[in-house]
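> Just dropping this structure here.
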Amino acid sequence: MSYIYPYNDAINLFVKGRISENDALRQECTAKEILRRLENQPGLILADEVGMGKTFVALAVALSVATSDKLKRPVVVMVPSTLKEKWPLDFKDFKEKCLPGPLSSSIRYDRAETGVDFLKLLDDKKKNSKSIIFLTHGAMSRGLTDDSGVWIKLALIQRALYRRWDTNNLKSALYRVLSRLLRVKIFDCFGEELWEKLLDSDTEKWLDILKKFNIDEKDDPVPKGMIDALRKIEVQSLYNEIQKIPQKESKYLDERIRETRCILNNEIRKVWVKCLANLQVQLPLLILDEAHHLKNPDTNLASLFQSKDAEEDAEELKVPLAGMFERMIFLTATPFQLGHYELCLVLERFQGISWKNSTAPAGGLAQFKVELDELKTKLDQAQEAAVRLDHDWERLDEDDLVINGQKLAAVNEWWPIVHSNQAGLAPAAALVVKSYGQTKQRMKDAEALLKKWVIRHMRQKSVSFNGDLIERRKCFVGKSMISEDNECHTEGLEIAGSSLLPFLLSARLAALNPESRPFFSEGLSSSYQAFLNTRKLRQNIRPTDNDDNNGTFSNPEDNPAVEWYLHHLEKSLPLHYIQHPKVKATVDKVIDLWHRGEKVLVFCHYVATGRVLRQYISETMRIKIRKLGAERIGCSPDEVMGRLENVGARFFDQESRLRLTMDEKVKGMILSYHLLQTYEAKILDIVRRYLRTPTFLVRYFPLEKTKLEKNDFEAIFLAKDDSGLSLQELLVHFFDFLQDHCGEAEKKEFC
């Protein structure tokens, strides 16, 4: 038996207005390639850039597997809690846009946010079984924390009491306190009878018992898989804890119940994990989104870059989900932002597939480990070569920029010539060229092995807009951020004034600890807040008792000299943190682009830097709005926000000429979109809310006029920003997006 699932040719990924024919063909080819590779390997990473359609590719693979599986088993898509609404919504659109009617109506899916919900979905009868299950990250490790875990807890307690002849008195005590012990006081009205009937009956009969008590439970309270697993585990320790349950009423009873509940929950948690490990469940495929969370956070500093669920996600594939899936697909848009060691940690998760199954890849787990070790070796060699190149490059100086005795003025003139003519180079330059060649070859060797495990597509470097090709990305380094001529500069941002001393101290710190580049220097280069945060976290990381320092300091701050410099560096930080060279340049650039009508997205290496940028950009924008408003209206800056609020309110006044005229214009545009006319009222509200914002009013509304003429209203719709778009064109793009790009479910979300 082998793992062979053909691509379902009924899937049509071309969606007018959303996925072009070329993109649809690429996505289809990618899905087919994934299915082909999974025949012979445990998993792979789909790492297309953002916006390339990873979701639809993954859904096409999932549906192909689910519809071809002879046992009609579901495919599990594991998603972050932040995307638990988005994935099912995308699947609705996928069904609506990409599947023919009969196939679309036959596909069932559901969402599970807890381990109990997941097991219940797996337990569904075939006629109600799901093809796709969206499982929230951390669901299995969260265990029995919500109301759906009550019946599982009770089943565990029942299992602990099974065939123990000395439990009659204990059971009587349990009947009295179970509602409080399990925190389900809503069942107090049934007295002890409910708990007695449940504990004295097989779990398969619990649903009927609950119905007799008019308790609304739509599914079997305890999934069959859990019942089977319970029979295989040792529960003596749980029984020992249950015996400590208070058996007599007293004034301390509530306190004793709380203590017992805490102990019992801890013990039940252990039993829950054992049950999961004994589940006899085999599923064809796991698709895991945001796979870069699977790297293990080694230090507190790592929490700056990872979600709170990251560690739980990694553990789920080791324990509760280990061996459950025949294959795995990981999705991430940022695989190479991980260090190569971390990337290998992500790939190691493929060890969690079912290797004992007859569909396991040829060579088994041993062969996979051999291939992964070889990949690690090649990646190590590539990194070593890159570090060597970095060191050799650092030794270059201006006197080495010579070719055949001719000195060149700049590196960017010298380097291209070196590629084509390596004669007459200075020794240091010849060493750089040699290191470059070795690094290039080592990277090619590593890429050749990595290609098997990672599929990645990149966006084209230019995009068509209004018939013109526009570069998708321009790189402005350092001083280019503040350049008025929009030209690229090779110089960095100038560090001067109150910012100079902190950076000089940081340079001295780097000199004191040359073997390991101090991480706090990177934080300082990002923002003063990032430096303070990284230092605070670092102070909580100390060497263990087993560390053998050999006269060195495992933590840089254990060095008195380093600590002295860090202390004075912190004291030297400017009181006004916006004076940080990069923060100020970024804020100024964002405000300039915003003023010209552009949308801006800022990426930050450190969370702390993101927070401070959001604060300063918001403050600077408010100042700019007041200044622009004061100039346009002819009032003091303190009056501007009140004046703008009054103008904005007119968009919602049903008697206002401004509202009536604007509504009439937008309604006329909506008439061309027959699929949007049912959403007309909501669309009008969206447009009004956009127009009334201070950011729109100060840039595009004729605030200087007390009475608007007909041509003034038209001018509001036709005024263009620096991107060349007017409000009218912006609305056309929005309406095109709603009608052609969105399915019905998405339209409801937007409107």
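> Scan region 185-220 for residues that are closer than 23 Å to Arg231 by Cβ, part of a helix (DSSP H, G or I) and open to solvent by less than 80 Å² (accessible area, probe 1.4 Å) and report the count.
8
> Among (1) surrounded by 19 or more Cβ atoms within 10 Å (Cβ to Cβ); (2) in contact with a strand residue (DSSP E or B) (Cβ under 9 Å, 6 or more places away or on another chain), which single condition is Lys86 missing?
Only one criterion in (1) surrounded by 19 or more Cβ atoms within 10 Å (Cβ to Cβ); (2) in contact with a strand residue (DSSP E or B) (Cβ under 9 Å, 6 or more places away or on another chain) is unmet by Lys86, namely (1).
> Could you tell me whether Asn8 is closer than 17 Å to Phe94 by Cα and surrounded by 15 or more Cβ atoms within 10 Å (Cβ to Cβ)?
yes
> Give the residues of region 419-442 that are touching a residue at least 12 places away in the same chain (Cβ under 8 Å) and assigned to a loop (DSSP other than H, G, I, E, B), sorted by residue number.
Matches in region 419-442: Asn421, Ala423, Gly424, Ala426.
> Restricting region 514-534 to residues that are surrounded by fewer than 20 Cβ atoms within 10 Å (Cβ to Cβ) and more than 15 Å from Ser572 (Cα to Cα), which is modelled with the lowest pLDDT?
Checking each candidate, the answer is Ser516.
> Let me ask something additional. Could you grab me the full set of residues in region 566-577 that are open to solvent by 40 Å² or more (accessible area, probe 1.4 Å), of a type outside the set (A, V, I, L, M) and either touching a Ser or Thr at 6+ places or on another chain (Cβ under 7 Å) or modelled with pLDDT under 80 (or both)?
Let us first name the residues in region 566-577 that are open to solvent by 40 Å² or more (accessible area, probe 1.4 Å), namely 567-568, 570-571, 575-577.
Subset that is of a type outside the set (A, V, I, L, M): 567-568, 570-571, 576-577.
Of everything in region 566-577, those that are open to solvent by 40 Å² or more (accessible area, probe 1.4 Å), of a type outside the set (A, V, I, L, M) and either touching a Ser or Thr at 6+ places or on another chain (Cβ under 7 Å) or modelled with pLDDT under 80 (or both) turn out to be His576, Tyr577.
> If I go through region 221-241 residue by residue, how many of them are in contact with an Asp or Glu (Cβ under 9 Å, 6 or more places away or on another chain), surrounded by fewer than 16 Cβ atoms within 10 Å (Cβ to Cβ) and farther than 21 Å from Leu122 by Cβ?
Residues meeting the conditions: 2.
> Something else now. Anything in region 33-51 that is open to solvent by 30 Å² or more (accessible area, probe 1.4 Å), within 10 Å of Ala333 (Cβ to Cβ) and not charged (D, E, K, R)? List them, or say none.
Passing the criteria: Val50, Gly51.
> Another one. How many residues does region 60-78 contain that are touching a Lys or Arg at 6+ places or on another chain (Cβ under 8 Å) and at pLDDT below 95?
1
> For region 403-418, how many residues meet the condition of being open to solvent by less than 90 Å² (accessible area, probe 1.4 Å) and either at positive phi or assigned to a helix (DSSP H, G or I) (or both)?
Matching residues across region 403-418 total 7.
> Mind listing whichever residues of region 595-635 are touching a helix residue (DSSP H, G or I) at 6+ places or on another chain (Cβ under 7 Å), part of a helix (DSSP H, G or I) and among the hydrophobic types (A, V, I, L, M, F, W, C)?
Passing the criteria: Val607, Ala608, Val612, Leu613, Ile617, Met621, Ile625, Leu628, Ala630, Ile633.
> Here is a follow-up. For the structure I just gave you, tell me whether Arg699 is open to solvent by less than 30 Å² (accessible area, probe 1.4 Å), assigned to a helix (DSSP H, G or I) and not polar (S, T, N, Q).
Judged against the criteria, Arg699 is not a match.
> Moving to a separate point now. List, please: which pairs have Cβ atoms under 7 Å, are six or more places apart or on different chains, and start with a residue in region 357-375 that is over 22 Å from Ala448 (Cα atoms) and end with one that is not in a helix (DSSP H, G or I)?
Filtered contacts from region 357-375: Asn357/Gln282; Asn357/Glu326; Ser358/Met1; Thr359/Met1; Thr359/Ser2; Thr359/Tyr3; Thr359/Glu326; Ala360/Ser354.
> What pairs come out if I take residues in region 720-732 that are more than 19 Å from Val463 (Cα to Cα) and free of Cβ contacts under 8 Å to residues at least 40 places away in the same chain and pair them with residues that are part of a helix (DSSP H, G or I) and open to solvent by 60 Å² or more (accessible area, probe 1.4 Å) whose C-beta lies under 7 Å away, six or more apart or interchain?
Within 7 Å, the pairs are Ser726/Leu718.
> Just give me the residues in region 81-107 being over 26 Å from the mean Cα position of the chain (by Cα) and free of Cβ contacts under 8 Å to residues at least 60 places away in the same chain, in sequence order.
Passing the criteria: Gly101, Pro102, Ser104, Ser105, Ser106, Ile107.
> Moving to a separate point now. Confirm whether Asn40 is of a type in the set (S, T, N, Q) and either touching a helix residue (DSSP H, G or I) at 6+ places or on another chain (Cβ under 6 Å) or assigned to a loop (DSSP other than H, G, I, E, B) (or both).
Yes, satisfied.
> Lys747: of a type in the set (Lys, Arg), open to solvent by less than 30 Å² (accessible area, probe 1.4 Å) and either within 32 Å of the chain's Cα centre (by Cα) or more than 28 Å from Phe94 (Cβ to Cβ) (or both), yes or no? Give the steps one after another, and end with the answer.
Values: of a type in the set (Lys, Arg): yes; open to solvent by less than 30 Å² (accessible area, probe 1.4 Å): yes; either within 32 Å of the chain's Cα centre (by Cα) or more than 28 Å from Phe94 (Cβ to Cβ) (or both): yes.
Taking the combined requirement at face value, the residue satisfies it.
> Still on this structure: Have a look at Asp380, Asp400 and point out the one that is at pLDDT below 90, open to solvent by less than 70 Å² (accessible area, probe 1.4 Å) and within 25 Å of Gln438 (Cβ to Cβ).
Asp400
> Any chance region 652-674 includes a residue that's acidic (Asp, Glu), farther than 22 Å from Gly724 by Cα, touching a residue at least 40 places away in the same chain (Cβ under 8 Å) and not in a helix (DSSP H, G or I)?
No, the conditions are met nowhere in region 652-674.
> Looking at (1) within 33 Å of the chain's Cα centre (by Cα); (2) within 27 Å of Arg688 (Cβ to Cβ); (3) hydrophobic (A, V, I, L, M, F, W, C), which is the one condition that is false for Val602?
If we test Val602 against (1) within 33 Å of the chain's Cα centre (by Cα); (2) within 27 Å of Arg688 (Cβ to Cβ); (3) hydrophobic (A, V, I, L, M, F, W, C), just (2) comes out false.
> Can Cys275 be described as among the hydrophobic types (A, V, I, L, M, F, W, C) and more than 18 Å from Asp117 (Cα to Cα)?
no
> Only residues in region 10-30 that are within 17 Å of Gly743 (Cβ to Cβ) and in contact (Cβ under 8 Å) with a residue 60 or more places away in the chain count as the first member; pair them with residues that are in a helix (DSSP H, G or I) and small (Gly, Ala, Ser), Cβ under 6 angstrom, at least 6 apart or cross-chain, and list the lot.
Taking only residues 6 or more apart or on different chains, the pairs are Ile11/Ala60; Leu13/Ala24.
> Can you find a residue that is under 21 Å from Lys707 (Cα atoms) and either more than 28 Å from the chain's Cα centre (by Cα) or surrounded by 14 or more Cβ atoms within 10 Å (Cβ to Cβ) (or both) anywhere in region 608-625?
Narrowing region 608-625 to residues under 21 Å from Lys707 (Cα atoms): none.
Checking region 608-625: not a single residue is under 21 Å from Lys707 (Cα atoms) and either more than 28 Å from the chain's Cα centre (by Cα) or surrounded by 14 or more Cβ atoms within 10 Å (Cβ to Cβ) (or both).
> Related question: What residue, of Ser104, Ser68, Ser81, is open to solvent by less than 30 Å² (accessible area, probe 1.4 Å) and either over 21 Å from Arg18 (Cα atoms) or not hydrophobic (A, V, I, L, M, F, W, C) (or both)?
Ser104
> Take the residues of region 639-655 that are among the small types (Gly, Ala, Ser) and closer than 17 Å to Phe713 by Cα: which is surrounded by the most Cβ atoms within 10 Å (Cβ to Cβ)?
Applying the filter and picking the extreme gives Gly648.
> Please go through region 419-438 and pick out each residue that is of a type in the set (A, V, I, L, M, F, W, C) and either within 20 Å of Glu491 (Cα to Cα) or open to solvent by 70 Å² or more (accessible area, probe 1.4 Å) (or both).
Scanning region 419-438 gives a single hit, Leu431.
> I've got another one for you. Of everything in region 675-692 that's part of a helix (DSSP H, G or I) and charged (D, E, K, R), which residue is nearest to Arg626 (Cα to Cα)?
Taking the candidates together, the pick is Arg689.
> Name the single residue, out of those in region 694-713 being under 25 Å from Tyr679 (Cβ atoms) and free of Cβ contacts under 8 Å to residues at least 40 places away in the same chain, that is farthest from the chain's Cα centre (by Cα).
Checked region 694-713; the qualifying residue farthest from the chain's Cα centre (by Cα) is Tyr700.
The values are calculated or read from the model by the stated rules, or taken from the named source; none is laboratory data. What you see is a predicted model; the values in this text were computed from it and never measured. For neighbour counting, all protein chains shown are included, and Cβ atoms are generated from backbone atoms with ideal geometry for every residue, glycine included. For the accessible areas, the whole protein counts, side chains as well, though only heavy atoms, and no ligand, DNA or RNA atoms are used. Shrake-Rupley method; radii C 1.70, N 1.55, O 1.52, S 1.80 Å.
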